[in-house]
Amino acid sequence: MIPRHMQIAVALALSGIFGVAFYMLHLKDTAHGGSARLSSDSPLAPPVAGPAVPITLYIAYDGDGVMRKRTASAALPSDPGARAREVLRTLLGEYQQTNSSHPLAGGSDVNDVFVVNGSIAVVDLNSAFVEGHRSGIWVEALTIDSLIATLAANNPAISQVKFLVEGKERETLAGHADLMALYDVAQVNQLVRRLE
Amino acid sequence: MMVRDGDTTISLDDRAVLANTSHAAVYVALHAGNLGRGVKVYTSTLSSADATPGLFVPWEKAQANFVRTSELLAAVVVDEFTKSNSQVPVALFPAPVRPLNNVAGAALAVEVAPLRGNLESLTNASYQDAVAQALATALTTVRPKIEAAQ
């Protein structure tokens, strides 16, 4: 015969265990929902408000192997890094349209651009950008040159550009073009002029 | 020597190490591509101004001391394609191709694209022969010039 006080103690302990278990499951569901929201493709920040201003894009044309300057418009924030990111996102928007002259994979994006000392731009690409990029020296070089020329055209103070992928260094874009290098804008612009 | 003769993975750094430790006179990275037409020849984006004097040079600028010989090599390769009457379009560009910057010697990359837009031409024996012939002749021609320059 189990004493009555023991029965009460066991019942309290069991209800406590079940209570804590239910609470932990609730916490787990909440955390899972939060991380799912973070990993979705939807933008994390609201689009930039304000009047659209003209920007210069250097668009690569695979068929002709040339680079052409084009004017577009975009609403730009005041911070240099955020401005540079919006400029590059406008360029990537062109490349992700149907019938693009230089198609990039869907979901290709620029996570961030950091402007260091006013002259070095550090561009953080997302993983979809590199994982979906076509492989080849020419196609990869066109992408790199287009990004750099566009960045520099809209911020002439930028003299060097470095690429990261998801915040880390990566050896190449898609097996060929160097992503470890610190690119010199003047050199790239020289090549872009040859391709215009 | 061939850096690889099968479908094996050798890191880009290891390819440069192999070329450097074997003291290769010339390093040629041969690629197939599906964009554009004909042959594109690429040299390093480094310039002579990046050259470092002394015994120890930065890995990422090892090519800087050999920019001139690489340009000479590239010019001879382009010239050979032009005069070989092979009907293969050829163009020369500087490009950021790994591991050119890490090679301590004359180095270039060659990307062979379809001849007339059709991908099947890449496997065409006469096209491949024309490319191989032009490259081999260029390397034979340029070797004494590179040795004299060094």
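The values are calculated or read from the model by the stated rules, or taken from the named source; none is laboratory data. Keep in mind it's a predicted model, so treat the numbers as computed, not measured. All Cβ positions, glycine included, derive from the backbone under ideal geometry; neighbour counts span all protein chains shown. Ligands, DNA and RNA are stripped out before the accessible areas are found, and what is left, the full protein with its side chains, is counted by its heavy atoms. Shrake-Rupley method; radii C 1.70, N 1.55, O 1.52, S 1.80 Å.
Calculated accessible area for the protein assembly as shown comes out at 54 Å² per residue, all protein chains present (probe 1.4 Å; ligands, DNA, RNA ignored). Pair-distance distribution of region B:48-127: all C-alpha pairs, bin width 10 Å, starting at 0; shares per bin in whole percent are 16, 39, 27, 14, 4.
Using bins of 10 Å that start at zero, the share of Cα-Cα pairs per bin across region A:91-196 amounts to 15, 50, 33, 2, in whole %. Basic side chains Lys and Arg get +1 at the Cβ, acidic Asp and Glu get -1 at the Cβ, and with that the dipole of the protein assembly as shown about its Cα centre reaches some 340 debye. For region A:69-76, backbone phi angles converted through the Karplus equation (6.51, -1.76, 1.60; θ = phi - 60°) give residue-by-residue couplings of 7, 9, 9, 10, 9, 7, 7, 10 Hz, Gly and Pro being listed as x.
When N counts the residues of chain B, how does its alpha-carbon radius of gyration compare numerically with 2.2 N^0.38 Å, as a ratio?
1.04
Over all distinct Cα-Cα pairs of region A:144-196, the Kirkwood formula returns a hydrodynamic radius of 11.6 Å. Here B:Lys61 is the anchor, and the lysines within straight C-alpha reach of less than 26 Å, apart from those fewer than 8 places off in the same chain, are A:Lys162, A:Lys168, B:Lys40, B:Lys145.
Under a model in which nothing but the beta-carbon of Lys, Arg (+1) and Asp, Glu (-1) is charged, region B:1-142 shows a dipole of about 220 debye around its Cα centre.
Within region B:30-130, list the GluC sites (Glu not before Pro) lying in a DSSP loop whose Cβ has at most 12 other Cβ atoms in a 10 Å radius.
none
Using bins of 10 Å that start at zero, the share of Cα-Cα pairs per bin across the protein assembly as shown amounts to 5, 21, 28, 20, 11, 6, 4, 3, 2, 1, 0, in whole %. Under a 5 Å amide H cut-off, with hydrogens placed 1.01 Å from N, A:Asn111 pairs with A:Asp124, A:Leu125, A:Asn126 among residues at least 5 apart or on other chains. Rounded, prolate or oblate for region B:4-89? Axes are the square roots of the Cα gyration tensor eigenvalues, ordered a ≥ b ≥ c, and the cut-off for rounded is a/c under 1.5. The shape class here is oblate.
Amide H contacts under 5 Å for A:Thr172: A:Leu179, restricted to partners 5 or more places along the chain or on a different chain, H placed in the peptide plane at 1.01 Å from N.
Evaluated with a Cβ-only charge set (Lys, Arg +1; Asp, Glu -1), chain A carries a dipole of roughly 440 debye about its Cα centre, given to the nearest 20.
Ignoring solvent entirely, what values of log10 I(q)/I(0) come out of the Debye formula for chain A at 0.08, 0.10, 0.11, 0.18 Å⁻¹ when each Cα is a single scatterer? Evaluating at q = 0.08, 0.10, 0.11, 0.18 Å⁻¹ gives log10 I(q)/I(0) of -0.37, -0.49, -0.55, -1.25. Just the protein heavy atoms count here, and of the accessible area of the protein assembly as shown at 1.4 Å, carbon and sulfur take up 57 percent. Only one residue of A:Ala128, A:Gly167, A:Leu104 has its Cα farthest out toward the positive end of the dipole of region A:95-196, where Lys and Arg carry +1 and Asp and Glu -1 on Cβ, and that residue is A:Leu104. For chain A, a Gaussian network of Cα nodes joined below 10 Å ranks A:Asp184, A:Asp64, A:Asp145 by mean-square fluctuation, and the top entry is A:Asp64.
Between the listed residues B:Leu92, A:Gly81, A:Val53, the Cα displaced farthest toward the positive end of the dipole of the protein assembly as shown, a dipole computed from Cβ unit charges relative to the Cα centre, is found at A:Val53.
Want the number for A:Asn126 to A:Phe18: 0.36 nm per residue separation, take away the alpha-carbon distance, what's left?
34.6 nm
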